[in-house]
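**Student:** Provided herewith is a single structure, encoded as structure tokens, for subsequent inquiry.
The values are calculated or read from the model by the stated rules, or taken from the named source; none is laboratory data. From a predicted model like this one, the values you see are computed outputs, not experimental measurements. Cβ: placed from backbone, ideal geometry, glycine included. Neighbour counts: every protein chain shown. Surface accessibility is based on the protein's heavy atoms, side chains included, excluding ligands, DNA and RNA. Shrake-Rupley method; radii C 1.70, N 1.55, O 1.52, S 1.80 Å.
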Amino acid sequence: VTRTRFYTAATIDGFIADPDDGLDWLMQSDSGGIDTFGPFFADVGAFVMGSSTYEWMLAHAEMVNWTVAYAGIPCWVFTHRELPGVPGADIRFVRGEVRPVHEQMVAAAGGRDIWLVGGGELAGAFVDEGLLDELILSVAPATLGAGKPLLPRRLPPSRLTLRSVQQIGQFAHLTYTLT
Ligand SMILES: NC(=O)c1ccc[n+]([C@@H]2O[C@H](COP(=O)([O-])OP(=O)(O)OC[C@H]3O[C@@H](n4cnc5c(N)ncnc54)[C@H](OP(=O)(O)O)[C@@H]3O)[C@@H](O)[C@H]2O)c1
């Protein structure tokens with residue numbers, strides 16, 4: 001059964017990027033050489049992101065070689081604009097409601113998981129529709145005071161269950177399920 005999983009890094013005070021979309025705080029954090037993303041992505045059959053995240057990836061192509069890192073896995077990008085694709089990558093530009101897009105992704109994933117990359121408002125739209133199953137959070141040893149929020153929604157403790165806690169270098173790696 002396909003799980004929809006919001007896998008992201010965040011600061012202690014709940015930001016996934018600084019106000020200018022910077023991730024220096026993340027790059028400077030020590031993961032102890034332990035790769036949690038590789039094993040996570042091995043189970044992913046489709047992934048989805050908002051346009052700011054996509055544009056960050058395009059601007060940092062030297063760090064993320066799309067057709068190597070995400071080979072053969074379709075990606076949906078939410079945007080109201082015309083954005084360039086990535087040669088050799090299966091990228092589908094969509095807008096509006098998340099539910100019909102999620103249905104397409106489940107079909108494409110073929111029983112594997114969906115990775116919700118971010119940002120927070122898009123994750124919130126999935127939460128609003130009851131479509132998010134897990135939040136997997138790598139908390140970096142940093143605060144920002146301001147930036148792009150992790151999940152700008154109100155979720156009471158009754159809706160989140162902590163399933164695992166791991167120390168990954170200086171990161172706290174937390175897995176929650178949502179109901
Ligand atoms: N720490 C991490 O691991 C991590 C993970 C993910 C992202 N990030 C970073 O965090 C930042 C996130 O940026 P963000 O909060 O602005 O979020 P985002 O979701 O990446 O981008 C938001 C934009 O996506 C488009 N969009 C979102 N929902 C849409 C919908 N339903 N229909 C049509 N378009 C829609 C809109 O742009 P347009 O319509 O104008 O295109 C919106 O302004 C980025 O800098 C990213 O690189 C960090």
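**Student:** Could you tell me the center-to-center distance, by alpha carbons, between region 59-81 and region 84-128 in angstrom?
**Tutor:** Taking the Cα centre of each part, region 59-81 and region 84-128 sit 12 Å apart.
**Student:** Related question: If I compute solvent accessible area with a 1.4 Å probe over the protein chains, what percent of it on the chain is carbon and sulfur?
**Tutor:** Roughly 53 percent, rounded to a whole number.
**Student:** For a test of the definition: using alpha carbon positions, the gyration tensor, and the 1.5 limit on a/c, classify the chain as rounded, prolate or oblate.
**Tutor:** rounded
**Student:** Cβ under 12 Å from LEU150's Cβ, LEU150 left aside: what net charge do those residues give with Lys, Arg +1 and Asp, Glu -1?
**Tutor:** 0
**Student:** What does the net charge come to around LEU131 if you take all other residues with beta carbon closer than 15 Å to its beta carbon, with K and R at +1 and D and E at -1?
**Tutor:** Here the charged neighbours net out to -3.
**Student:** Here's another thing I want to ask about it. Would you please give the FRET efficiency between THR67 and GLU121, computed as 1/(1 + (r/R0)^6) with r the Cβ-Cβ distance and R0 = 30 Å, to the nearest 0.05?
**Tutor:** 0.60
**Student:** Shifting gears a bit: Considering only DSSP beta bridges with both partners in the chain, what is the antiparallel share in %, to the nearest 5?
**Tutor:** Taking every DSSP beta bridge within the chain, about 40 percent pair in antiparallel fashion.
**Student:** For SER51, what is the net charge nearby, where nearby means another residue's Cβ is under 15 Å from its Cβ and Lys, Arg count +1, Asp, Glu -1?
**Tutor:** Net local charge, SER51 excluded: 0.
**Student:** Are there any GluC sites (Glu not before Pro) in region 36-119 that are in a DSSP loop and have at most 11 other Cβ atoms within 10 Å? List them by number.
**Tutor:** GLU62, GLU82, GLU97
**Student:** Charges only on Cβ, +1 for Lys and Arg, -1 for Asp and Glu: so what's the dipole of the chain about the Cα centre, in debye to the nearest 20?
**Tutor:** Dipole of the chain, to the nearest 20 debye: 520 debye.
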